[in-house]
Structure formats: C-alpha cells, structure tokens
Amino acid sequence: MRALLITFLVLSNAVSAKEWYPVDIKLWTPAFNELLIRRDDTYIPLKHAARKWRICVSIPNLKDAAWKAISFGIISEVRRQGVAVQILDAGGYGNLDKQIAQINECIADNADGLIVSSVSFEGLDPTINNLVASGFPVIDLINGTKTHNLSARSAGSFWDNGFLTGQYLSALSKELDNPLKVAWLPGPQGPGWAKQLQEGFYQAISGANIEVVFQRNGDLDNRVQLGFINELLDKNINVDLIVTSEAVINSAVKTLRQRGVNDKIKLMTFYYGPDAHNHIKRGNVIAATSESMVAQARMSIDTIIRILENKPFYKHHGAEVFVVNKNNIDQIDPSLSLAPKGYRTIFSHDW
C-alpha cells in the first residue's frame with residue numbers, strides 16, 4: 001500500500017505551504033480485527049478530488065473541543081480537495097433517532113457518501129448495513145460500530161487512550177508507598193469508544209499500585225461531568241487524581257481551586273484539546289492522551305473520496321495515539337489535534 005503514497009509527494013509550492021501530512025498511522029491487519037493486530041504506516045492523501053463529491057458527515061454533538069476539532073478537520077480537507085459537505089450534529093449521545101433521521105435526510109439530498117460517528121455502538125447498524133448493501137459508501141469515523149459491514153473505518157481504538165492513561169498513572173504510582181487513589185469518569189456507556197477506553201484503562205492498571213475509589217458514567221458535557229466531580233467532593237472521598245473528559249477541564253480546575261483541594265487532587269484527561277493544552281502548560285493538568293482528531297477527520301474525507309473514485313484506500317486505519325505532558329507539549333504539532341484558536345464551526349461547504 002505504500003506505493004499509492006509516493007505519487008502524491010511532489011506538490012506545488014502553494015499546496016505544500018498547507019501540508020498536514022504525512023501522518024503516522026496504525027493499519028489494522030486484517031481490517032476491523034478486535035485483537036488490535038496492527039502495523040505502523042504513513043498516510044498521505046490525494047492531491048485533489050476528481051470531481052465535487054457530496055459527502056454527509058454525521059457526528060454526535062459539538063459540545064466539546066474534540067468534535068469542534070473534528071469538524072475543522074472535515075471542513076479544511078473538503079476545501080483542500082474541492083468537494084462538498086454537510087455536517088450533521090445529532091445533539092448528544094441519547095439522540096439515536098435524530099441521528100438516523102438527519103442521515104436519511106442528507107442522503108436523500110443527492111449525497112454520494114456518508115461518514116458517521118455513531119451515538120450508539122449498535123443502534124446505527126441497520127442503517128449502515130442497508131446503505132452499504134445498496135452500494136452506498138459508509139465510513140465509520142472515530143466512534144466505532146458493532147457492524148463490520150463498512151466501506152472503511154477511519155478510527156483508532158480508544159483502548160489505546162485508556163491503556164496509555166492507565167500506563168501513565170501506573171508509572172506514577174510506582175513512586176508511592178500507598179496506592180494512588182483515582183476517580184475514573186470515562187464518559188457514557190453506550191458508544192463503542194467508551195467501552196474500549198474502559199477496557200484499556202483497567203488492563204493497564206491491573207496489578208499496579210492504583211485503587212479506583214470512584215467511578216461514574218455519563219455524557220461528556222460540562223454539566224454532567226462537573227456533577228460527578230461535585231458529588232465526589234461533597235462525599236469527601238479520599239482521592240489523589242481525577243481522570244475525566246477534556247470538556248470539563250476548565251470547570252474542574254476552577255472547582256478544585258474553589259474547594260481548596262487543587263494542591264491535593266490532580267487532573268488528567270483521556271483526550272486532548274485546547275483547555276487541556278493550556279492547563280498542562282500551567283501545571284493544572286498532569287497529562288492528556290491525543291489521537292490527532294483533526295488529522296483523523298481529514299483522513300476520513302480522503303478515504304471516502306478514494307472509494308468514490310475507485311482508487312486504492314486503507315480499509316481500516318487510525319492515527320497514532322500518544323501522551324501529552326509538560327515534558328513534550330512544546331515539541332508536538334497541535335494542528336493535528338486542535339482547531340485553530342477562534343475557529344467557529346462551519347456546518348456546510350459548497351453544498
């Protein structure tokens with residue numbers, strides 16, 4: 001598959017100035033295998049689409065910086081490649097019926113392909129199966145689906161995020177006499193990514209000097225996650241560190257400071273965004289894991305274009321996941337993970 005990349009290395013000066021690639025990736029071999037059998041490779045996209053394809057992109061919500069970064073990656077790549085897009089916001093993980101209705105409406109509007117981040121691990125499977133059976137291309141982006149009846153999957157595994165989070169904490173716990181007491185807030189139970197996150201985390205801390213003393217599952221929005229943190233504090237549960245979503249980091253830092261426990265209780269997030277970036281630099285957050293969501297979204301656009309144009313494509317690929325902390329934050333490329341400062345979400349381009 002590396003041969004398909006070489007063709008696109010010679011770019012014009014104008015395009016080269018805006019390059020976001022090559023990107024280090026993992027290739028699932030075979031595609032969709034659940035044993036995480038993967039190999040290292042590099043992703044380089046097409047120079048330009050052959051025609052103005054119409055692509056529907058369905059995402060769960062735009063409540064946090066991760067999905068904002070994904071929407072930026074989508075818009076920036078469709079502009080670069082010269083195709084059209086509609087971004088559909090389902091409004092939250094409880095809105096399966098709304099997501100299905102939005103998808104059907106978009107497809108009926110002369111769409112050529114669908115990229116979807118499902119709000120439910122299984123709930124969207126009948127819709128996906130019917131579309132693919134009819135010859136309509138469908139790509140799973142980031143969240144995962146139970147069905148393997150997909151044209152392609154542009155997604156890593158949140159098992160990596162969970163495992164790297166647990167591994168990072170396990171290393172810290174080795175320096176302690178007493179167990180590291182952790183509050184674990186891994187998000188909702190429904191989507192596949194949350195299950196993978198949990199499995200990776202608990203595998204990494206198995207046998208480590210770590211005790212999970214508090215766990216709650218719920219939507220990643222600020223209200224729900226901050227409610228869990230306040231519950232933890234109200235009950236005076238003895239905890240050294242809270243692992244939660246990036247969406248609540250600003251509020252969590254403020255709440256711990258107001259409660260006078262910010263020196264005692266540390267924070268880590270299992271995905272990387274602008275708030276995590278800023279608070280890692282300030283010392284309020286110890287680390288975050290990043291799966292390069294902007295790059296992942298860009299790759300999904302390139303993949304569906306390749307499918308529509310009958311060009312070679314990777315059936316299942318995911319961006320490399322890594323830990324960001326104070327030691328490497330100035331060396332990483334944040335543009336692969338974060339939307340530019342001040343970016344305002346665009347829902348449609350050239351549709």
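Take region 197-210 and flag every residue that is surrounded by 15 or more Cβ atoms within 10 Å (Cβ to Cβ), over 21 Å from the mean Cα position of the chain (by Cα) and closer than 17 Å to residue 162 by Cβ.
205, 208, 210
Hey, can you tell me all the residues within region 256-288 that are open to solvent by less than 30 Å² (accessible area, probe 1.4 Å) and either more than 15 Å from the chain's Cα centre (by Cα) or charged (D, E, K, R) (or both)?
Looking only at region 256-288, we keep the residues that are open to solvent by less than 30 Å² (accessible area, probe 1.4 Å), and these are 256, 265, 267-273, 276, 279-280, 285, 287-288.
Once the filter is applied, which keeps residues that are open to solvent by less than 30 Å² (accessible area, probe 1.4 Å) and either more than 15 Å from the chain's Cα centre (by Cα) or charged (D, E, K, R) (or both), region 256-288 yields 256, 265, 267, 268, 279, 280, 285, 287.
For region 1-94, list the helices (runs of 4 or more DSSP H) that sit wholly inside it and hold at least 2 residues that are at pLDDT below 95 and of a type outside the set (A, V, I, L, M, F, W, C); which are they? Show your work before the answer.
On the way: elements: 3-6, 13-16, 65-81.
Hits in region 1-94: 13-16.
Examine region 286-294 for a residue that is free of Cβ contacts under 8 Å to residues at least 40 places away in the same chain and not in a helix (DSSP H, G or I), and state whether such a residue exists. Spell out the reasoning first.
Of all residues in region 286-294, those free of Cβ contacts under 8 Å to residues at least 40 places away in the same chain come to none.
No, there is no match, as no residue in region 286-294 is free of Cβ contacts under 8 Å to residues at least 40 places away in the same chain and not in a helix (DSSP H, G or I).
Within region 123-155, can you find the residues that are more than 17 Å from the chain's Cα centre (by Cα) and of a type in the set (A, V, I, L, M)?
Listed by number, the residues that qualify are 124, 128, 131, 132, 133, 138, 150.
Please work out which residue is surrounded by the fewest Cβ atoms within 10 Å (Cβ to Cβ), limiting yourself to region 218-237 and to residues that are touching a Phe, Trp or Tyr at 6+ places or on another chain (Cβ under 9 Å) and farther than 18 Å from residue 249 by Cβ. Before the answer, list the steps.
Residues of region 218-237 touching a Phe, Trp or Tyr at 6+ places or on another chain (Cβ under 9 Å): 218-220, 228, 231-232, 235, 237.
Still in the list and also farther than 18 Å from residue 249 by Cβ: 235, 237.
Details: 235: 8, 237: 12.
Selected residue: 235.
Which count do you get for residues in region 46-79 that are closer than 30 Å to residue 225 by Cβ, open to solvent by 10 Å² or more (accessible area, probe 1.4 Å) and not hydrophobic (A, V, I, L, M, F, W, C)?
Summing the residues that are closer than 30 Å to residue 225 by Cβ, open to solvent by 10 Å² or more (accessible area, probe 1.4 Å) and not hydrophobic (A, V, I, L, M, F, W, C) in region 46-79 gives 4.
Report whether or not residue 324 is buried (at least 20 other Cβ atoms within 10 Å of the Cβ) and assigned to a helix (DSSP H, G or I).
On the way: buried (at least 20 other Cβ atoms within 10 Å of the Cβ): yes; assigned to a helix (DSSP H, G or I): no.
It is false that residue 324 is buried (at least 20 other Cβ atoms within 10 Å of the Cβ) and assigned to a helix (DSSP H, G or I).
Restricting attention to region 191-210, report how many residues are modelled with pLDDT of 95 or more and either touching a Ser or Thr at 6+ places or on another chain (Cβ under 7 Å) or hydroxyl-bearing (Ser, Thr, Tyr) (or both).
Selection size over region 191-210: 8.
Give me the pairs: first residue in region 309-335 and at pLDDT 95 or above, second residue open to solvent by less than 30 Å² (accessible area, probe 1.4 Å) and among the basic types (Lys, Arg), beta-carbon distance under 6 Å, and six or more apart or on different chains, which are they?
Short answer, once both residue conditions are applied: 313/306; 316/153.
Being of a type in the set (A, V, I, L, M, F, W, C), open to solvent by 20 Å² or more (accessible area, probe 1.4 Å) and touching a Gly at 6+ places or on another chain (Cβ under 9 Å) is the requirement here; does residue 158 meet it?
On the way: of a type in the set (A, V, I, L, M, F, W, C): yes; open to solvent by 20 Å² or more (accessible area, probe 1.4 Å): no; touching a Gly at 6+ places or on another chain (Cβ under 9 Å): yes.
No: the conditions fail for residue 158.
Residue 301 fails exactly one of the following numbered conditions: (1) free of Cβ contacts under 8 Å to residues at least 12 places away in the same chain; (2) surrounded by 24 or more Cβ atoms within 10 Å (Cβ to Cβ). What is the number of that condition?
Only one criterion is unmet by residue 301, namely (1).
The values are calculated or read from the model by the stated rules, or taken from the named source; none is laboratory data. Since the model is a prediction, treat every value here as computed from it, not as a measurement. Counting neighbours? That spans all protein chains shown, and the Cβs are built from the backbone with ideal geometry, glycine included. Just the protein is used for accessible areas: all its heavy atoms, side chains included, with ligands, DNA and RNA removed. Shrake-Rupley method; radii C 1.70, N 1.55, O 1.52, S 1.80 Å.
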